[in-house]
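The structure appears right after this line, and notes come after that.
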Amino acid sequence: MVMRKHKKVKKQRGHKTHGWGAKKKHRGAGNRGGRGRAGSGKRGDAKKPSVWKEKYFGKYGFKKKGILKAVKPVNLDYFEKNADKLLADKLIAKEGDSYVIDVQKLGFNKVLGCGKLTRKYKISSPVFSKKAVEKIQKAGGEVIGLKKKEIKQEEAPQEKVEEAK
């Protein structure tokens with residue numbers, strides 16, 4: 001035999017609270033002081049201590065305007081693993097026995113030195129880490145586009161010495 005159930009609304013006809021106890025219990029989010037983290041304003045002293053543990057209010061830290069650019073690094077290991085695939089897709093080129101890579105063309109702007117190199121690479125990038133430069137040169141490759149801050153620092157003291165004489 002099939003059981004047929006009535007909807008709760010029909011069952012509760014004539015009953016004031018429809019099974020929610022007191023009249024004021026089932027009124028919505030106002031009954032519990034709002035939804036989520038609402039009510040932590042002027043008189044929300046009960047909720048404030050639980051919110052203080054997290055960084056919920058205000059702004060934090062400093063941001064330099066117009067100077068910071070997103071760093072998108074890539075490891076040398078990536079080139080070692082994907083060299084053949086990148087060459088087939090014509091994203092890198094091959095000159096003799098060395099692979100020519102333009103890092104910015106691949107969507108990166110910094111080369112990091114994680115991984116071992118077994119091939120020669122001629123890599124051009126705006127920024128390199130020290131380890132990356134060492135590993136590329138040790139493998140017989142070439143680094144192009146390195147920022148030359150060190151050279152500027154060395155030139156400045158020599159000019160001052162000449163002016164003092």
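The values are calculated or read from the model by the stated rules, or taken from the named source; none is laboratory data. Source: prediction; values computed, not measured. Ideal geometry is used to build each Cβ from the backbone, glycine not excepted, and the neighbour counts take in all protein chains shown.
Do we find that residue 10 is charged (D, E, K, R), part of a helix (DSSP H, G or I) and modelled with pLDDT of 80 or more in this structure? Taking the combined requirement at face value, the residue satisfies it. Within segment 90-102, the set of residues being touching a Phe, Trp or Tyr at 6+ places or on another chain (Cβ under 9 Å) and either in contact (Cβ under 8 Å) with a residue 40 or more places away in the chain or aliphatic (A, V, I, L, M) (or both) comprises 92, 93, 98, 100, 101.
A search for C-beta distances below 7 Å between a residue of segment 78-89 that is in contact (Cβ under 8 Å) with a residue 24 or more places away in the chain and any residue that is surrounded by fewer than 16 Cβ atoms within 10 Å (Cβ to Cβ) and in a helix (DSSP H, G or I), counting only pairs 6+ apart in sequence or on different chains, returns nothing. Scoring residue 54 on the criteria (1) surrounded by 14 or more Cβ atoms within 10 Å (Cβ to Cβ); (2) modelled with pLDDT of 75 or more leaves a single failure, condition (1). Pairs are defined by a Cβ separation below 8 Å, a sequence spacing of at least 6 or placement on different chains, a first member in segment 12-40 that is farther than 29 Å from residue 50 by Cα, and a second member that is among the β-branched types (Val, Ile, Thr); the pairs so defined are 18/9; 23/17. The set of residues from segment 60-77 being of a type in the set (A, V, I, L, M, F, W, C) and without any contact (Cβ under 8 Å) to a residue 60 or more places away in the chain comprises 62, 67, 68, 70, 71, 74. With respect to residue 70, is the statement that it is closer than 30 Å to residue 104 by Cα, of a type outside the set (Lys, Arg) and either over 37 Å from the mean Cα position of the chain (by Cα) or in a loop (DSSP other than H, G, I, E, B) (or both) true? Yes; evaluated as a whole, the condition is true for this residue.
The requirement of being more than 20 Å from residue 135 (Cβ to Cβ) and under 35 Å from the mean Cα position of the chain (by Cα) is fulfilled nowhere in segment 73-82; no residue meets it.
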